[in-house]
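Nothing in this text is a laboratory measurement; each read-out follows from the coordinates by a stated rule. What you see is a predicted model, and the numbers here were worked out from it, not measured in a lab. FYI the Cβ positions are ideal-geometry reconstructions off the backbone, even for glycines, and counts take in every protein chain you see.
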Amino acid sequence: MIIEEAQAINSFFRSESSKEVYGLIWLLVPILTLVLGITIGVLVIVWLERKISAGIQRRIGPEYAGPLGILQALADGVKLLFKEDLLPSRGDIRLFSVGPSVAVVSILLSYSVIPFGYHLVLTDLSIGVFLWIAISSIAPIGLLMSGYGSNNKYSFSGGLRAAAQSISYEIPLTPCVLSISLLSNSSSTVDIVEAQSKYGFWGWNLWRQPIGFLVFIISSLAECERLPFDLPEAEEELVAGYQTEYSGIKFGLFYVASYLNLLVSSLFVTVLYLGGWNLPIPYIPITELFEINKTSEVFGTTISLLITLAKAYLFLFIPISTRWTLPRLRMDQLLNLGWKSLLPIALGNLLLTTSSQLVSL
């Protein structure tokens with residue numbers, strides 16, 4: 001009798017442990033899939049930027065590493081992996097080593113609330129857009145840690161510039177996001193996309209919030225440290241800014257972080273202003289087109305993913321072409337634009353949006 005009870009207890013615990021293992025696997029699979037997809041997306045952006053930049057400057061661009069040079073970014077990453085990792089002899093090694101990881105991880109967490117398509121979101125939170133703003137404000141801390149830990153005046157100046165720039169342009173970004181939340185009556189990214197699906201192309205927030213859209217684009221470029229707002233790096237004046245003392249894979253992490261931030265900003269522009277996964281067809285949201293059976297639902301999910309990515313990558317032509325079009329701003333001009341121009345405009349847009357919502361009630 002005792003042996004039978006012991007066997008029953010063992011089988012119970014084995015079943016419980018197997019459930020925990022399966023639960024852990026099903027928790028990790030979506031996360032790993034998302035990280036893999038993001039990595040491929042970053043490689044595509046690097047290739048696109050090189051090709052588009054070459055076209056603007058009437059050059060060829062990468063063409064030998066794989067067909068049309070599509071493996072050039074992968075080759076660069078492998079090269080950085082095998083390069084020597086140098087450490088500053090008088091720097092703070094802990095801050096110096098942790099800084100790049102903080103910058104990358106904080107940006108990666110932002111992808112958890114992005115709806116890539118119908119039923120394709122890692123977690124649908126009621127405060128999704130504000131979670132992105134909160135998480136994105138952590139990345140400058142990693143840059144400041146890197147600059148301070150390098151024990152280099154050029155690196156420290158670059159870190160301070162990065163922190164000042166991020167604060168200056170995250171504040172105008174928040175009223176723009178809040179205006180979208182007021183129009184959609186929700187801060188969930190999924191709800192914001194679905195709120196734009198009723199009237200098709202003319203129901204996108206691009207037309208309902210044109211001022212907020214322009215402010216959002218400018219603030220996103222500044223937060224991604226793209227030209228004309230790449231003051232933290234400023235190779236001509238600061239050697240490489242907070243990256244001066246870095247080499248090998250740590251330098252590569254900063255490179256990856258900038259493109260991760262660029263991709264996440266493009267995806268949020270798509271979600272907040274360009275209708276997300278919805279087609280520009282009035283009264284026909286894609287969520288109702290492919291819900292006949294399981295096969296059609298899978299097909300519809302795939303189509304919605306392709307629509308979202310197509311919009312995001314088409315929008316990427318703006319920051320890439322801007323890099324070779326506009327001159328770099330001075331630091332005082334950059335801060336004046338953020339505090340004296342974009343912030344009042346964003347607050348005025350929020351006031352108009354709030355007034356219109358109160359009138360319509």
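The table below lists the values:
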read-out	value
Rh by Kirkwood over Cα pairs, then Stokes-Einstein D for the chain at 1.306 mPa s and 10 °C, µm²/s	71 µm²/s
Relative contact order (%) - criterion: Cα under 8 Å, at least six apart; region: the chain	22 percent
Rounded, prolate or oblate (a/c below 1.5 giving rounded, otherwise prolate when a/b exceeds b/c) for region 122-276 by Cα gyration tensor	prolate
Cut-off 19 Å, label 7 Å out along Cα→Cβ of residue 25, residues of region 110-129 by amide N	none
Length added when fully stretched, residue 82-residue 151, from 0.36 nm per residue minus Cα-Cα	22.3 nm
Extension gain (nm, one decimal) between residue 201 and residue 53, 0.36 nm per residue minus Cα-Cα	50.2 nm
Difference of contour (0.36 nm per residue) and Cα-Cα distance, residue 35 to residue 331	103.1 nm
Dipole-positive endmost among 81, 222, 31 within the chain (Cβ charges, Cα centre)	222
Charged-residue dipole, Cβ positions (Lys, Arg, Asp, Glu), the chain about Cα centre, Debye nearest 20	920 debye
Listed residues 128, 352, 338: farthest to the positive end of the dipole of the chain (Cβ charges)	338
Exposure proxy order (Cβ contacts within 10 Å, fewest to most) of 199, 118	199, 118
Separation of the residue 97 and residue 360 label points, Cα + 7 Å toward Cβ, nm	5.4 nm
